[in-house]
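Written below as structure tokens is the structure these notes are about.
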Amino acid sequence: MSFLEVSDLHKSFGGVRAVGGVSFNAAPGELLALIGPNGAGKSTLFNLLNGQLTPDQGQILLAGEPLQGKSPREIWKLGVGRTFQIAQTFASLTVLENVKMVLLSQSNQLFSFWSRAAQGPNPRARELLAQVGMEDQAERACGELAYGDVKRVELALALASDPKLLLMDEPTAGMAAGERHALMALVQQVAHERRMAVLFTEHSMDVVFGFAQRVLVLSSGKIIADGDPQQIQQHTQVRDVYLGVGTT
């Protein structure tokens, strides 16, 4: 059963085609990796999916709901979350306050953040932190955390909106092998429990082939391969344009 349906997606900037006729799908609970050389169109595709860019042509459906033409906030409300290569948290706020901010924003109460009610207990925030293994650090400022823990907080922030689809841009960038494997194992577990589709870009092939159920390979704005990790590793064209260029 497909959950995300992307059909014939196109985006050009002037005379440069960044995405040209991309089609793919993702199922609930599936971890789908998107790989390709620099300039392949991965960031453009992500920005089309979450509304930062509008496609020139094509359709994006999430659980049957069209996403193209909607604003990033509308798309966020419909269930598309995102994490970034450089973690996006408020360093001066505590871990718990960061999560509260997202929950308040979701309910359109952000400007009451510093009110007494906002400062009070929030079981949902603590539940999210427990899910990512950060409840015991709830009162610490994000700026004091190790980078791997900041990434876990960012995951909690993304999960606060109960996404149906989570876009993860280089989720393990800057992390040691043990840290990145632990983070992706957590993502894998959460995706399964929530039946949440996850689409992630990644340059670390140990993460891609160790955790993705399917791998999409993008080259010059087009998908040149779509298969399970073993199929992708054996794909001649993929090896020529990407896997053979000494990626780490």
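Residues in segment 1-18 that are surrounded by 14 or more Cβ atoms within 10 Å (Cβ to Cβ), in contact (Cβ under 8 Å) with a residue 40 or more places away in the chain and not hydrophobic (A, V, I, L, M, F, W, C): E5, S7, H10, K11, S12, R17. Between L186, L129, the distinction of being surrounded by fewer than 17 Cβ atoms within 10 Å (Cβ to Cβ), free of Cβ contacts under 8 Å to residues at least 60 places away in the same chain, farther than 12 Å from A33 by Cβ and within 20 Å of the chain's Cα centre (by Cα) belongs to L186 only. Looking at segment 23-111, the helices (runs of 4 or more DSSP H) lying wholly inside it that each contain 1 or more residues that are under 16 Å from the mean Cα position of the chain (by Cα) and of a type in the set (F, W, Y) sit at 42-49, 72-78. Between K151, K164, which is under 15 Å from the mean Cα position of the chain (by Cα), of a type in the set (D, E, K, R) and more than 28 Å from D8 (Cα to Cα)? Within the list K151, K164, the selection yields K151. The sole residue among V187, V238 that is outside any loop (DSSP other than H, G, I, E, B), touching a strand residue (DSSP E or B) at 6+ places or on another chain (Cβ under 7 Å) and over 19 Å from G41 (Cβ atoms) is V187. Within segment 19-38, the residues that satisfy the criterion of being surrounded by fewer than 19 Cβ atoms within 10 Å (Cβ to Cβ), over 20 Å from M196 (Cα atoms) and touching a Gly at 6+ places or on another chain (Cβ under 9 Å) are G20, G21. For segment 73-84, the criterion of being under 27 Å from D240 (Cβ atoms) and either touching a residue at least 12 places away in the same chain (Cβ under 8 Å) or touching a strand residue (DSSP E or B) at 6+ places or on another chain (Cβ under 6 Å) (or both) is satisfied by no residue at all.
For residues in segment 1-22 being hydroxyl-bearing (S, T, Y) and assigned to a strand (DSSP E or B), which is nearest to P55 (Cα to Cα)?
So, considering only residues that are hydroxyl-bearing (S, T, Y) and assigned to a strand (DSSP E or B), the one nearest to P55 (Cα to Cα) is S12.
Only one entry of S112, S92, S105 meets the criterion of being surrounded by 15 or more Cβ atoms within 10 Å (Cβ to Cβ), of a type in the set (G, A, S) and modelled with pLDDT under 90, and that entry is S105.
Every condition in (1) out of contact with any strand residue (DSSP E or B) (no Cβ under 6 Å at 6 or more places or on another chain); (2) closer than 25 Å to V6 by Cβ; (3) among the charged types (D, E, K, R) holds for K151 except the one numbered (2).
Can you find even one residue in segment 207-224 that is more than 30 Å from P66 (Cβ to Cβ) and modelled with pLDDT under 90? No, segment 207-224 contains no residue that is more than 30 Å from P66 (Cβ to Cβ) and modelled with pLDDT under 90.
Applying the criterion of being out of contact with any Gly (no Cβ under 8 Å at 6 or more places or on another chain), of a type in the set (A, V, I, L, M, F, W, C) and outside any helix (DSSP H, G or I) to the residues of segment 145-175, the residue that is surrounded by the fewest Cβ atoms within 10 Å (Cβ to Cβ) is A146.
Can we say D206 is more than 17 Å from the chain's Cα centre (by Cα) and either buried (at least 16 other Cβ atoms within 10 Å of the Cβ) or more than 19 Å from G36 (Cα to Cα) (or both)? It is false that D206 is more than 17 Å from the chain's Cα centre (by Cα) and either buried (at least 16 other Cβ atoms within 10 Å of the Cβ) or more than 19 Å from G36 (Cα to Cα) (or both). Of the residues making up segment 189-203, those that are surrounded by 20 or more Cβ atoms within 10 Å (Cβ to Cβ) and either of a type in the set (S, T, N, Q) or in contact with a helix residue (DSSP H, G or I) (Cβ under 6 Å, 6 or more places away or on another chain) (or both) number 3. Only one of the listed residues (S12, S7) is hydroxyl-bearing (S, T, Y) and in contact with an Asp or Glu (Cβ under 8 Å, 6 or more places away or on another chain). That residue is S12.
The values are calculated or read from the model by the stated rules, or taken from the named source; none is laboratory data. Computed from a predicted structure; not experimentally measured. Counting neighbours? That spans all protein chains shown, and the Cβs are built from the backbone with ideal geometry, glycine included.
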